[in-house]
1. Rounded to the nearest 500, what is the chain's calculated 222 nm mean residue ellipticity when only DSSP H runs of at least 4 contribute -39500 (n - 2.57) each, over all residues?
2. How much accessible area per residue does the stretch 145-187 have, in Å², with a 1.4 Å probe?
3. With N set to the residue count of the stretch 347-470, report its C-alpha Rg divided by 2.2 N^0.38 Å to two decimal places.
4. Between Ala279 and Asp58, what length in nm is gained on full extension when 0.36 nm per residue of separation is reduced by their alpha carbon distance?
5. Counting DSSP beta bridges in the chain, what percent are antiparallel, to the nearest 5?
6. Tell me the per residue accessible area of the stretch 78-125 using a 1.4 Å probe; a whole number in Å² is fine.
7. Kirkwood hydrodynamic radius of the stretch 390-431 from all distinct Cα pairs, in Å?
8. Only Lys, Arg, Asp and Glu count, each charged at its Cβ (+1, +1, -1, -1), so figure out the dipole size of the chain about its Cα centre, rounded to 20 debye.
Amino acid sequence: MSARGDPRRAIPGVDRLLAQPWCRLLVASRGRVWITDRVRAVLDDVRSGAVPVPDSVDEYEELVQMEVARAETLSLRSVINGTGVILHTNLGRAPLAPEARDAMSKAVGYGNVEFDLETGERGSRYTHCAGLVTELLGAEDALVVNNGAGAVAVALTAYAAGKGVAVSHGELVEIGGGFRIPEVVEAAGARLVTVGTTNRTRLDDYARAVAAGGVGAILKVHRSNFSMSGFTEEATLTELVRLGAETEVPVIHDLGSGLLVDSGRLGLPYEPTPAESVAAGVDLVAFSGDKLLGGPQAGILSGRADGVARARAHPLCRALRCDKVTLAGLEATLTLYRNPDRAIERVPVLRMITARVQDLERSAHKVAGVVAGLRAERGAEPLRLEVVRGQSLMGGGTFPDLRLPTAVLRVDAGAATEPWMAALRAHAPPIVARSRQGRILIDFRTLRGGGDFIVMAALSELDADVGGGE
């Protein structure tokens, strides 16, 4: 093509587009510098051939508006979880109860986070959840920091900085993000003292380590993210508490998951609770607020008043403190546990755990039927949909062997599997599913908050020719 016939010669300049009425409106609402950058981005795409050259200046309006919308899209967005992993760490773990969301929205303005409304004097942010935790656990005191690992770090720093921490070889776990218990101990300024073996650690192993001197704390770590069977043995929490009392060495229990109701009521295998740790007499128990407790990301320390006071007074506690919005959400979530039946009904994690597979199947069949009807109405090629039984996972480093029966909507996609998965992720809101052997799998156990209706809309809009078909 000659230069004279090249359509790119007709591409307008930046100033010409900025002078258009629609662009002047954008400048008035967003600012000239930022909109100028968006216009330049559109013109760069047109010049490079990434976007066809519009026939007229007016047609640039849609391109600029699309670029503005793209640039204004927040990186952190709400998504629909169709993976079947209830506590999906990459998707933010526990979705929050309506009560928690409402409390958090009200806390974004001014609040009495560190103000005593009765006296008119300065208060403490550490009082807002402490009363509820001690009430629910039967503990003397409690402290909330920003995550579970932080709770363990504060406890170890307060008790064992510059000293040894006795931990079983079989409990040197790796938690999310590649962080390991030895690294948490080291970060707390303590020295790791490993006792026993990987599969067998007895009370005598701890006793010898303490007797050797220099041990500032005994740390028992709940193996929540993996299981161990066969030729195994471990010291019980009660035994360790007795040893700690005899030797004046504090016992810290890293419980992790933070389940506050009897696991049997949820139809789950036995899982220790923080209340049991407190009843056993540990100095401090640490657990997460955003796992099985079902609240926002937080780490909770509870137990003896002197242990909590020691942790609260340490400078690291301020560095790991929670913000007011998190405290509001956690307090509202904890309030639900005053009535376990209400907690099971209102806390989304617990509700997903206890959902009946028959109800999930009914929802999946309904979605499949509606999608078929919607696609027929608009003359789109039918999707090959099938409702099958599957297995959901708990996730979040909890119940590693548990498989919950579930209903899965299976979409036979063939060669279009990856393009369709990308299309679902590009949907508003994005839908995150699984795929296997040319099939897209949408697990209905983790769909919530109208997720089934969103899946209906997304599947009805999928183009059969995306990715070249099969």
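1. Working: 19 runs with 191 residues, N = 470.
Computed mean residue ellipticity for the chain: -12000 deg cm²/dmol.
2. 36
3. Numbers: Rg = 14.6 Å, N = 124, 2.2 N^0.38 = 13.7 Å.
Dividing the Cα radius of gyration by 2.2 N^0.38 Å gives 1.06.
4. Roughly 72.3 nm would be gained on extension.
5. The antiparallel proportion sits near 60 percent.
6. With the other protein chains kept in place, the stretch 78-125 gives 59 Å² per residue.
7. About 12.6 Å for the stretch 390-431.
8. My answer is approximately 420 debye.
The values are calculated or read from the model by the stated rules, or taken from the named source; none is laboratory data. Computed from a predicted model, the values in this text were never measured in an experiment. Every residue, glycine among them, receives a Cβ derived from its backbone with ideal geometry; neighbour counts consider all protein chains shown. Heads up: the accessible areas ignore ligands, DNA and RNA and are worked out on the full protein's heavy atoms, side chains in. Shrake-Rupley method; radii C 1.70, N 1.55, O 1.52, S 1.80 Å.
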